[in-house]
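Colleague: Here it is, the structure in full.
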Amino acid sequence: MSIPFDPKHAELLELVDTVSASLAFSALVTDAAGAAVIHVDGSTTNQLVISITNQTSGDITFAQLKGSASSGNCNLVLKLPNNQLYFYNAPAIDGASTPGTWELATDSASGGAGWVDTIYLANTGTCKLTANGTAGDTLSVVINYSGAVPDDPKALNIPVQLSYLNITNASGTPLKGTTPAQTMGLMANAGRPSPLVGSFVGPQAVLNDGTTQHELTLRMVNTSLDPLQFIVPPSGSPTQSYIEVAVPVSDVAADAVWALCDSAAWGSVTVAMAGSASKGWKASKSATTDGVITLEPDFSTVQNIPPGGTLELQFSGVVSGLEPGVVQVQVQLNRFALIGTQTFGAALEKSPLVYNNGLGTGMTLSAGTLGTNTALSITGDSSNPLTHLTQSGSGPALQVDGGDVSISKGLSAASATISGAASADSIAANSATVNGNLTANAAAVSGAVSAGSASVSGATSTDSLTANSAKVNGVISGTDRIGGGAASVQGYGTGGNAGVFAFKYDKANFGDSPTAIQIWNSSAMVFKTFIVNHPLDQEKHLVHATLEGPEGAVYYRGEAQLKNGKCTVTLPDYFEAFTRKEQRTIILTNIDGFDRIAVKSIDGEKIKNGTFVVISENPDSTQKFDWEVKAVRSDGPALEAEPDKKDHLVGGFGPYTFEIAKRKHEERN
C-alpha cells in the first residue's frame, strides 16, 4: 500500500537531517591562537580557523567537488548574519588546511576582496574524518586574511554561522545543516605606521598679547609611495575614515600654560581646507567641544590621500592672551584602511617673543611700558652659554642703541666691537676692538686685542704686552723680534725642570710655506711631555715623554705573513715622496715561530716604489712577523745636531732657548 507524499514531511525530514548532522560532528571558528576573535583594521595577515570534529564511531566523508567554489558548489558555508566585513585583500586558503584540498570564494562582486558576508569552501581532494577519538577525526580549514573592516565601526562583536552540505556518514546518509550562531569578538589590531605626518608651517608661534590675530597652517603630508586609502563604504553610505584635530582650549587658570586660548577666543577662529589633496575634503568645528575640528572626505569625490599629497588646515583669527608655553595639537587618523586609528602631534608656541616673517625686524618683544620691570630676563644653571649669537654677515652680532652695557661678571664673545667704554670683571673673546677704554680684572683673548688703552688687573696690554702674569691662547704677531723677524709664540716653565716649547715661523730657511712652521724644544735637562687622564686610576694622571734623536725621522709598522716563503709589504702611497732614500731601516720580529726571515733587496734597494720583500730560507714558510720601517723626512733640511754656538743666533728666555737664524759672517767676527 502506498502512502501519499505530504510536503510537510519534507520539512520534517530536513529537520531530522539537521539534527543528525549536528550530532555527527562539532564545529568551532577561532583565530590562529584558538580565541573566538576576528582581527580588524590591521595590515598584518591573520587567520580564521574552522575546526570540525567527527563525533561518531564511523567515518565522515566530504564529497570531492569539481571546479571552483561557489554558492552551488561547496561543502561549507561561513556566513556573517546581518553583518559585512570589507576585505582589502582577498581571503585565501592556507596550505596548512587538512585533510583535503580546499578552494575558497566569497559573495563579493569580485569573488574575493570587497564587502563580504558569505564565504564558500569547496573540497576538491580526498577528505575523510575517521572515527571520534582517532588521529584523523578533525578537519582544520585555515583562511588567511588582512585588512578586514566591519560595516559598523562601533560594533564590538558579530555572530558567525557555519552551514554544511555534500557530506555523508559511514552508512552513506547525507549530512547537512547549520550550526547555531557563534559570537566572535572584534579585535582592532595595530596597523602599519601611519605615513601621514604633519606640522605647522610658516608662523609656528603666536604672540600672547591678547590682541594680535594670527593666521596658522597645519600641513599634513602622505610620505608613503602608496596612497593612504579610505575605508570603502557600503553603497550610499559615507566612508568611516576621517581626521580629527584637537587644539587645547580651556577657561581654567591652571590650564593656561598648555592651552592655546580660552573658549571666547576660540569662538572667533575659522577653519578651511587647502593643499594639493584637499579636493573633496570638508573642515568643520565641533558644535559641542571647543578646539575639535573634523576633516571629512567625500568618498564619491576622493578615495585616498595620494603619495606626496598634502592636506592643509588653515586657521584664521587666532588670538591668545594666555601665559607663554608650548601647545600640543593632536591629529588623529580614524579608521583608515590598513592603518586603523593612529595619532601624531604638532607643536605651537605661545610667547612674548616671536619671529616676524618677512619684516625688517626679525624678532619682536611684546614688552610695552615696563617702568622698573625687566623686558627680557634669562636665568639658567648651565655650563654652556645661555645666549649664543652667531653672525655670518658683515654686521655686528649685537647692537645696543641707547643706555649703557653693564656686565657684572664677564664678557665672552667671538668678536666684540664697543664704541664707548667696556667694563667687566673679566673679558674673553677671539678678538676685541674697543674704541674707548678697556677695563677688566682679568682678560683672556684667544685672538688679537686692539684698544686705545687697556687696563687689566692681571695683565696690562697697550703697544706691548707686559704683566706679572699673562695668558694668550692665540697668536702674538709683530715685526719686533723675539729673536729676528720671525713671528713666534713661546712658552716656558719656572722652578726646576718645567716643560718648555716654542712655535716659530722660519721664513728665512723654509720660505713662505707651511713647512716654515717649526716646533722647537732645545733646553737641556727637560723632557717634552704630554699628560692625559690615567685609564685605570681616576685619581692619577698618565705622563709620557717623546722619543728624540739627531734626525727628523718617521716610522711605519705593521704585521704580515709569508706565503710559500715570501711576502711583499706595501707602505703608504706617499712614503717615497715623504722620505729620503738613504738611511732607511727595516726591523723584522717573528711571531709564533722561528723560521729565518730576511729583507730581499730589489735592484740594490731595501725599499723600492714603496714596497719591500721578505723571504725565508724555508720555501714553504708561512711565518707571521711584525715589521717596522724608519726613514728620514725629505721635506726639510737635514738637522744639524751639534752646531757651534758661534755660528747660530739663539733667542728665548728663562731655561728655554731656540735657534733664530744662522749668524752672518760679519757678526761672527
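Any read-out appearing in this document is the output of simple, stated calculations on the displayed coordinates, not a laboratory observation. This structure is a prediction, so every number in the text was calculated from the model and none was measured. All Cβ positions, glycine included, derive from the backbone under ideal geometry; neighbour counts span all protein chains shown.
Colleague: Within the range 587-642, list the chymotrypsin sites (Phe, Trp or Tyr not before Pro) lying in a DSSP loop whose Cβ has at most 15 other Cβ atoms in a 10 Å radius.
Modeller: Phe594
Colleague: Checking the table Lys79/Lys128; Lys79/Lys279; Lys563/Lys630; Lys154/Lys176; Lys540/Lys624 against a 32 Å threshold on Cα-Cα, which pairs fail?
Modeller: Flagged as over cut-off: Lys79/Lys279; Lys154/Lys176; Lys540/Lys624.
Colleague: Run through the range 585-629 and list the GluC sites (Glu not before Pro) located in a DSSP loop whose Cβ has at most 15 other Cβ atoms within 10 Å.
Modeller: Filter output for the range 585-629: Glu617.
Colleague: Calculate the length of the line joining the C-alpha centroid of the range 204-225 to that of the range 54-70, in whole Å.
Modeller: If you average the Cα positions of each part, the centres end up 64 Å apart.
Colleague: Next question, about the same structure. For a quick protection proxy, order the peptides 43-53, 129-139, 332-342 by their average other-Cβ count within 10 Å, most packed first.
Modeller: 332-342, 43-53, 129-139
Colleague: Right, another one. Sort 36-42, 289-295, 389-395 by the packing proxy (mean of other Cβ within 10 Å over each peptide's residues), most packed first.
Modeller: 36-42, 289-295, 389-395
Colleague: What percentages, rounded to whole numbers, describe P(r) for the range 194-297 computed over all alpha carbon pairs with 5 Å bin width beginning at zero?
Modeller: Calculated P(r), rounded to whole percents: 2, 9, 17, 22, 19, 13, 9, 6, 3, 1, 0.
Colleague: Between Ser237 and Gln213, what is 0.36 nm times their sequence separation minus the Cα-Cα distance? Round to one decimal in nm.
Modeller: Result for the pair: 4.7 nm of gain on full extension.
Colleague: May I pose another question? Restricting attention to the range 221-308, which trypsin sites (Lys or Arg not before Pro) occupy a DSSP loop and are surrounded by at most 14 other Cβ atoms within 10 Å?
Modeller: Qualifying residues, ordered by number: Lys279.
Colleague: Which of the peptides 103-114, 565-576 is most tightly packed, and how do the rest follow, going by the mean number of other Cβ atoms within 10 Å of each residue?
Modeller: Per-residue Cβ counts within 10 Å, averaged per peptide and sorted highest first, yield 103-114, 565-576.
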